[in-house]
Structure formats: C-alpha cells, structure tokens
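Trainee: One structure follows; several queries about it will come next.
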C-alpha cells in the first residue's frame, strides 16, 4: 500500500505541495530506486541480525516514513520521506522470504511463496479501491497516516508469532565476504533476478500507463479507468496463488516462468495492437496480469532453491528483489519514450513482446541450473 498509494493521490499531493511533473515522477520512482540500490544489503542485514527482527524494524521504518510524508510541507521533505518508506519496504520484503522459508517446508513452502508473492497486487488493489473514499474524507495526508498505522498494527502478529528478541546465533558470525561470494557465484540467482526484472518491467509499465491508455485511446472516463485498472491488478493475485499451487504439485520453476512469459508476450502485444475490439483488448489485459502473476511467486521461491542455506538466503532474496526494482524503475519511462518517439501506442506492444521473449530465453537457461540444484 505504501507503493500503490501515490498513483491515485499524486494529483492531490502535487496541488498541495506545488510540485511539477518531474518532481512528481521522482516521488513515484524513488522507492524503487532505493530497492534497486539496497536490496542485497537488506538481505545481508537480515542474515546477520535475524530475518524476523529485520522485518519488524522495516515495519517501524516504513511507518516513520509515512508519518513524515503526512506532515511534509515541500518537495524535499516528501522525497526524503519516500526514501525512508523505500528503506522500510526493502527491510520487509527481503527478510520475509527467509521467514517463510524457515516456517514452511516441502510442498507447503512452495504454496506459501505463492501466497506471499501476491503482496504487491493486494496492496495496489486496496489503495485503488480505498483511495477515493479516503482522499475525499481525510485527504492525502490522512491516507498516509492510515497506511502508516497499518504497518504498526502488523507489529502485533509479528511479535506474537515470530521471535524478534534475538538473531539466530548460528548465523551471526558467518563471514560476510564468504557469504556474498557464495551468493554472487550462483548463476541461477542472477538469472532469476533478471527474469524478475523483465517481468516487473512489463507489468508495472502497463499498470502505470493503462489508465492513460484507457482514457486517451479507448475513450473511457478517468473514474472508470481507475476501476478497470484495479480489476486488472486484482486478477494478478490468483495468478500468484496458481504459481504456488503449481510449484507444490511438482511443476518446475523454469516451466512456470516460461509459460507465464509466453502468455504475457502474446497478450501484451494484443493490448497495444491497433484496431483490437474493446472486449479483446480488456481480455488481453486480464490475461497479461492474471497469468503473469505466476511468475513473481515462482521467482521469489527460487532463492531457497538455489541457496538453501539460511545463512545466505537473505542475500540471495535481496539480489532477486533488486531485479524486480530494476524493472520497476526502467519500465514506465521506457514505454513512455517509445510511444512518444513513434507517436502511437502500438509500438509498446513490441516492447512487451521483447521483454517477454527475453524472459523466455532466460527461463530456458534456468532449466539447467534448476536440474543441478534439485539433484540429490
């Protein structure tokens, strides 16, 4: 929700603080930049101080950033607050994977990662649904405060069900240089990170620009476009669950990634094709997001596949998450630049196809690494 809240609130934020479009764009992307830079560092910190303790600290940091943003009076303050939110966010999502890997085993672990992989579409959908009511009743500052309070509420189950009192002693003294060397030498982790980048590049680019495409290209009202976009985000959630279900039933990681990439490539091209009937256009959007949702759950599960040692798992997850943030940073401006250069939305279809094709090639490369990692 900390990521998704800005899209519907950005006009209000810009009007209140007197921000231009460029500054507004930086406010949107700064959280992803923080994740891109610090993803692996967050994993190393989680390995050293304990995943549960780092996750709890991330919730507090995220809430502090949200409260700071709610009282901001200028561009610099809101930008710095978003950086703090981004730091808290990365301290949550990276060690959370290690917490799940330690709590669930075998087929249950694969299903758990499918559930966990839905955090982004769930939060984004909630902000799209709740934002109109919150913005009209308490304004964007009030919405910032409500979401920050949600992070603090999450500390209650974290404190109840996870051991945040101390780090896992057997992992604390593991040499950092050796830990990083092992993780960075795992080509399967690097491939997974780049696959996640290709996915995020496509998905976030479409979700960011879809309301504009609906309004400008399809003649839909802005309110209807927001609801339709929320529906497309929503179908990503069962896609995540399907990815976990397929992993639980023995389907290989690379097979799920390859199939999801094929569907995303074809449907993404169809979204931007000229002359497509509206029902087919919207169906392609739903197929793109729904079936594409299988990929993040699978990618997040790859950290435990290639680096099963808990002492190194956080660093591996951090590297994978950095790939996702790379795609989030690059996707929206790349699509905008291509559409502007060619003067039409149809060019974006080739960009979607290229991203999906790259993910397909890397999925085939991942097959060999997965076979070796799964060998007894």
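Trainee: Go through the range 340-371 and count every residue that is part of a helix (DSSP H, G or I) and in contact (Cβ under 8 Å) with a residue 12 or more places away in the chain.
Mentor: Looking only at that region, the number is 22.
Trainee: Here's something else I'd like to know. Out of 367, 330, 337, 347, report the one residue that is within 26 Å of residue 39 (Cα to Cα), over 19 Å from the mean Cα position of the chain (by Cα) and surrounded by fewer than 24 Cβ atoms within 10 Å (Cβ to Cβ).
Mentor: 367
Trainee: Could you please let me know if residue 56 is over 28 Å from residue 230 (Cβ atoms), surrounded by fewer than 23 Cβ atoms within 10 Å (Cβ to Cβ) and modelled with pLDDT under 80? Outline the logic, then answer.
Mentor: Values: over 28 Å from residue 230 (Cβ atoms): yes; surrounded by fewer than 23 Cβ atoms within 10 Å (Cβ to Cβ): yes; modelled with pLDDT under 80: no.
When the stated conditions are applied, residue 56 does not pass them.
Trainee: Let me spell it out: the conditions are (1) loosely packed, with under 15 Cβ neighbours inside 10 Å; (2) at pLDDT below 90, and residue 209 meets all of them except one. Which number is the exception?
Mentor: (1)
Trainee: If we scan the range 70-84, do we find a residue that is surrounded by 22 or more Cβ atoms within 10 Å (Cβ to Cβ), more than 28 Å from residue 232 (Cα to Cα) and at pLDDT below 85?
Mentor: Within the range 70-84 (the criterion being surrounded by 22 or more Cβ atoms within 10 Å (Cβ to Cβ), more than 28 Å from residue 232 (Cα to Cα) and at pLDDT below 85), the answer is no, since none of the residues qualifies.
Trainee: Tell me, which residue of the range 154-186 that is out of contact with any helix residue (DSSP H, G or I) (no Cβ under 6 Å at 6 or more places or on another chain) and at pLDDT 85 or above is surrounded by the most Cβ atoms within 10 Å (Cβ to Cβ)?
Mentor: 159
Trainee: Could you check, for the range 345-367, whether at least one of its residues is at pLDDT below 90 and at positive phi?
Mentor: No, the range 345-367 contains no residue that is at pLDDT below 90 and at positive phi.
The values are calculated or read from the model by the stated rules, or taken from the named source; none is laboratory data. None of these values were measured; they are calculated from a predicted model. Every residue, glycine among them, receives a Cβ derived from its backbone with ideal geometry; neighbour counts consider all protein chains shown.
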